[in-house]
Amino acid sequence: MFGEPGGLCVNVSPLEWGITLGVTLAVLAFDVLVIGRRPHEPSKRECVIALSVYVGLALLFGLLVWNVHGGQYGLEFYAGWLTEYSLSIDNLFIFIIIMASFKVPAIYQQQALLIGIVLALVFRGVFIALGAVAIQRFSWIFYFFGAFLVFTAVKLLGDTDHSDDADNAVVRFAKTYLNTTDSWHGLKLYVKRGRKRVMTPMFLVIVALATTDLLFAFDSIPAIYGLTSEPYLVFTANVFALMGLRQLYFLLGDLLNRLVYLSQGLAVILMFIGVKLLLHALHENQVPFINGGEPLHVPEIPTLLSLAVIIVTLFVTMAASLLKSQTTRD
């Protein structure tokens, strides 16, 4: 059952799905064609304009959902979008480390980031579809999602160093067993040395970004399914969260490193959503060894409260981080 867990189903027509997918592909195609033809480091003005457009479109889309499908689903979209956006910002920390670790030239960072974002969208699309099927077929999946998010939140509370993520097992395997070169050849993933193909550093960067995106999808999708079970809202919230992420990377720059409490703030959000999922699972319980397979009369957390908790947590996290950074600098 879709909508907020236990709620009514959003009536999303095939035409609405088609338009959404068409616009998403058109935006990605435009981005790839424009960026691919002119590798460069974007200016602050360019980033501000693009980011303002993407955020504005997300806000307008939320209003459209509100008017067409009702206020409940508008709130679910905004809550999901903010959650996915905050998790995507955490993803940027890893992107920065990857770029620095592989010493990616500034003019090629846009293309690498764009590929990473496209891969993230693909992976999340797969997980969204799998999550929708799991929710329909397995009533106990909310227990798993909730427990997983609580575990992730506890892990995040003590996670202040991402330095090992840039050189993960997959990257180490590629370096060890594939022919690689340390020299850059533009955006090429491989070059020929005699009869052999040699993988360039850009290939390793893409591998690092792809595996990182895959790991983040494991956290991202259960989190948003804790706010809405409607695949259309889950998909669009992820699309809008990823759009503009590349510009945000260049716009914020060193400011990202000043968000010292971001992991802790995300841990609070994921913990809250995990508890929300567990309460919903108990409320809709069909697991035989829990209360004899009968639902438990436990309170459920409304979407409006979820949205308020997410906004307040993000605000406190940013304010505390900037205050801490300012105090340290002084």
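A compact table of results
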item	result
Residues located in region 54-66, provided they are more than 19 Å from the chain's Cα centre (by Cα) and modelled with pLDDT under 90	none
PRO299 vs. criteria in contact with a helix residue (DSSP H, G or I) (Cβ under 8 Å, 6 or more places away or on another chain), closer than 23 Å to GLU76 by Cα, free of Cβ contacts under 8 Å to residues at least 24 places away in the same chain and open to solvent by 20 Å² or more (accessible area, probe 1.4 Å)	yes
Qualifying residue in region 102-109 (condition: touching a Gly at 6+ places or on another chain (Cβ under 6 Å), in contact (Cβ under 8 Å) with a residue 12 or more places away in the chain and crowded, with 19+ Cβ neighbours inside 10 Å)	no
Matching residues, region 87-126, being touching a helix residue (DSSP H, G or I) at 6+ places or on another chain (Cβ under 8 Å) and outside any helix (DSSP H, G or I)	PHE102, LYS103, VAL104
Looking only at region 286-296, and only at residues there that are touching a residue at least 12 places away in the same chain (Cβ under 8 Å) and of a type outside the set (A, V, I, L, M, F, W, C), the one that is most open to solvent (accessible area, probe 1.4 Å)	GLN286
Filter result for the condition that a residue is open to solvent by less than 20 Å² (accessible area, probe 1.4 Å), modelled with pLDDT of 80 or more and within 25 Å of ARG45 (Cβ to Cβ), over ALA267, ALA223, ALA241, ALA281	ALA241
Residue that is surrounded by the fewest Cβ atoms within 10 Å (Cβ to Cβ), among those in region 310-326 that are more than 24 Å from ILE224 (Cβ to Cβ) and small (Gly, Ala, Ser)	ALA319
Residue within region 309-330 that is outside any helix (DSSP H, G or I) and either within 22 Å of ALA217 (Cβ to Cβ) or free of Cβ contacts under 8 Å to residues at least 40 places away in the same chain (or both) present	yes
Residue match in region 193-210 (condition: open to solvent by less than 10 Å² (accessible area, probe 1.4 Å), closer than 30 Å to LEU59 by Cβ, more than 14 Å from the chain's Cα centre (by Cα) and in contact (Cβ under 8 Å) with a residue 40 or more places away in the chain)	no
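Let's see how each residue does on (1) at pLDDT 80 or above; (2) of a type outside the set (Phe, Trp, Tyr); (3) farther than 30 Å from LEU296 by Cβ:
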position: ILE97; (1), (2), (3): no, yes, yes
position: ALA106; (1), (2), (3): no, yes, yes
position: GLN109; (1), (2), (3): yes, yes, yes
position: LEU130; (1), (2), (3): yes, yes, no
position: ILE141; (1), (2), (3): yes, yes, no
position: ASP167; (1), (2), (3): no, yes, yes
position: LYS175; (1), (2), (3): no, yes, yes
position: ASN179; (1), (2), (3): no, yes, yes
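The values are calculated or read from the model by the stated rules, or taken from the named source; none is laboratory data. Everything quoted here is computed from the prediction, not taken from an experiment. Positions of Cβ are backbone-derived with ideal geometry, glycine not excepted, and every protein chain shown enters the neighbour counts. Areas reflect the complete protein model, heavy atoms only, side chains present, ligands, DNA and RNA absent. Shrake-Rupley method; radii C 1.70, N 1.55, O 1.52, S 1.80 Å.
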